[in-house]
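The values are calculated or read from the model by the stated rules, or taken from the named source; none is laboratory data. From a predicted model like this one, the values you see are computed outputs, not experimental measurements. Note: ideal-geometry Cβ built from the backbone for every residue, glycine included; neighbour counts use all protein chains shown.
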Amino acid sequence: MKIKNVLLASLLVGASLFGSSAFALGKNVTVNLAPDGDGGYNAHFGNNFSGLNAGSLFSDFYNFELTSASDSSGSITSSYLKSSTVKDLLITGFTLLQYDPVSNAVIKTYAGVNTTAGGLHPTDNWELSAMGLGAGKYAIEVDGQVVGNGGGSYGSDLTIAITAVPEPETYGMMFAGLALLGVVARRKQNTKA
């Protein structure tokens, strides 16, 4: 009797796992950061969905690595066929994730902002920016759902700008300026006394 119960429970769990994965899509790829000619990098990526994916959720991950301190900005725009009453592709999240290089655990999350304009079934637009990123492993995560039978696609643009590290002369000039402000403040204080 116990064997039948274990076998039945195993079949039910297997069927539920198979059923839930049938409605989830996603890809996990490494993107190439192409030099932009000004010391920074650009990457362009996206995904396409057909009407066969209707009703499916997706989470796509676009991985890249930074070798020096950087600032980043990104945007995403969707396009889709509009069925009579539904928007066929819906972007629900646009996020930059920083990973620990050893454990692959998420260290920090930078959430994108939905800038989609109003109106009936507008095209999705999202933007994000993150300043002062350190060297390390990162990923852009795009979440959404294929709602209607028309499917759709989205495209994203990622820009990485290398942040300048101040030269020692810059620090010297800053400290000299602060010292000069201190001298002026002391003279004003002595004049009042």
Mind checking which residues of segment 98-125 are closer than 19 Å to Thr77 by Cα and not small (Gly, Ala, Ser)? Tyr110, Val113, Asn114, Thr115, Thr116, Leu120, His121, Pro122, Thr123, Asp124, Asn125
Within segment 71-86, is even one residue at pLDDT 90 or above and over 18 Å from Gly26 (Cβ atoms)? no
Could you run through segment 25-43 and say how many residues are assigned to a loop (DSSP other than H, G, I, E, B), over 25 Å from Ala135 (Cα atoms) and in contact (Cβ under 8 Å) with a residue 40 or more places away in the chain? 0
Go through Leu90, Leu97, Leu52, Leu57 for me and flag whichever is aliphatic (A, V, I, L, M) and buried (at least 18 other Cβ atoms within 10 Å of the Cβ). Leu90
Go through the residues of segment 119-127 one by one and say whether even a single one is modelled with pLDDT of 90 or more, touching a strand residue (DSSP E or B) at 6+ places or on another chain (Cβ under 8 Å), among the aromatic types (Phe, Trp, Tyr) and closer than 18 Å to Asn47 by Cα. yes
